[in-house]
Amino acid sequence: MNKALLIAPMASTLERFCQVNMEVLREQGYEIHLSANFTSGTYEQSEHDQNYLRKAEAEGVVVHPIEFERQSLFRNIRPLKELKTLINNEKFDLIHAHTETGGLMLALAVPKAGKAKLVVTPHGMSFYKGSSLKSHIVYRPIERWICSKCNAVIAINQEELQILKKWNEKTAYFTHGIGVDIAPTTIAAASQKRTELGIPQDAILMSSLGELTQRKNHIVCIRALSKIDNPSVYYLICGVGELRGRLLNEAESLGIDGQVVLPGFRRDVAEILACSDIFAFPSYQEGLSVALMEAMTAGLPVVCSKIRGNTDLINEGEGGCLIDSDDSEGFAKAIDKLAASPELRQKMGEHNKKAVKRYSKEIVKGELRNVYSSIRTRN
């Protein structure tokens, strides 16, 4: 039996991004192996990762825990040695790395072409239109070197696809993200979830999903909320990160701390989206956001940054509003406009429910089948 290895720095990336990969590889007769860090993050996250590990093994997946670091190359020296040993011992037929760090580890671990077909999905390169000159000077050549090692590089947004085609059209592929489940699900009553979260039933609830980090830029929406002077609008940010204290302090200094709710890491994303009225996504950098696609699936209008990935998903004025990442005035106007009009929220939400269908699991499955079949038969 052919063997395929999926690599990501964190187990949560494999769980969230790689389910469709695994389904397609299983269809094509591969024995599936996973490698990631299953002990990172908070206690709750580590417990969840261990449960995911056990679930994967129960489904016949072979798991190889390696304690990768997300951003530190120095701390990845030992994990890199473990990855090299794993690849040398197992003789995989296909290796698919996810994220920039996963791609870098793969390129360093397999310096020369061998038996395995190599695939990488960056999920958002560190240089992009509008990023700093430093990011282009430092990261662009690294990304190009990683891609040069691979038989296939999968872009999940149009900006990166054009870059990959310029580098090597033969290895450039595209998928509509990671494949989202657009089937309707049974969800608990929105009123119950609002009560649990401490949100008034008559409030206009704007939600965000994502780590509390500089990259996710939640602070611009907090500042926007203070500008609209509407106490009925609440802002719920689900996630953990080093900026929690700063975000709470900013809300307090602006006099809106009662309207900003940070419930931490959540597993009930579908329920939270179901009880929300608006979805906010002000990131500085994305590949193609799963959280944003989940919000579209839930039928929410979107207020988001005008960046790569977001512009693939949201049509200005149809599914939401696209705004420059640091434009708190622009976010304020968009939030105020949506808060004032239930009809506009409904219209934009319905548009998004239709638009997100092209990012469904079934469509992405077909695209991945093509990628894997194509490189399997290529010399």
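Taken together, the values in this text are just the output of simple stated rules run on the coordinates, not laboratory data. This structure is a prediction, so every number in the text was calculated from the model and none was measured. A quick note on method: Cβ atoms are made from the backbone with ideal geometry, for glycine too, and the neighbour counts reach across all protein chains shown.
Backbone geometry of segment 147-164 corresponds, through the Karplus equation with coefficients 6.51, -1.76 and 1.60 at θ = phi - 60°, to 3J(HN,Hα) couplings of 5, 5, 7, 9, 7, 8, 10, 9, 8, 10, 8, 6, 4, 6, 4, 5, 5, 4 Hz, x marking Gly and Pro.
Net charge dipole, segment 1-51: roughly 180 debye, given to the nearest 20, about the Cα centre with Cβ charges of +1 for Lys and Arg and -1 for Asp and Glu. A straight line joining the Cα centroids of segment 159-220 and segment 112-158 runs 23 Å. Convex hull volume of the C-alpha atoms in segment 280-379, normalised per residue: 91 Å³. Using the Cβ-Cβ distance between E350 and E23 with R0 set to 35 Å, the FRET efficiency works out to roughly 0.75. Looking at segment 190-358 alone, DSSP beta bridges between its own residues are antiparallel in about 0 percent of cases. Largest mean-square fluctuation among N89, N217, N37, in a Gaussian network model of the chain whose springs join Cα atoms under 10 Å apart, belongs to N89. Which FRET efficiency value, to the nearest 0.05, do you get for Q45 and T195 by plugging their Cβ-Cβ distance into 1/(1 + (r/R0)^6) with R0 = 22 Å? Efficiency, rounded to the nearest 0.05: 0.25. Seen from all directions on average, the chain presents a Cα convex hull projection of 18.3 nm². Here the Kirkwood formula puts the hydrodynamic radius of segment 190-358 at 15.5 Å, using every distinct Cα pair. Relative contact order for the chain: 14 percent, from Cα pairs under 8 Å spaced at least 6 residues apart, divided by residue count. Considering all C-alpha pairs of segment 1-154, those separated by over 20 Å amount to 48%. Compute the separation of the alpha-carbon centres of segment 297-327 and segment 332-358 and state it in Å as a whole number. About 10 Å separates the Cα centre of segment 297-327 from the one of segment 332-358.
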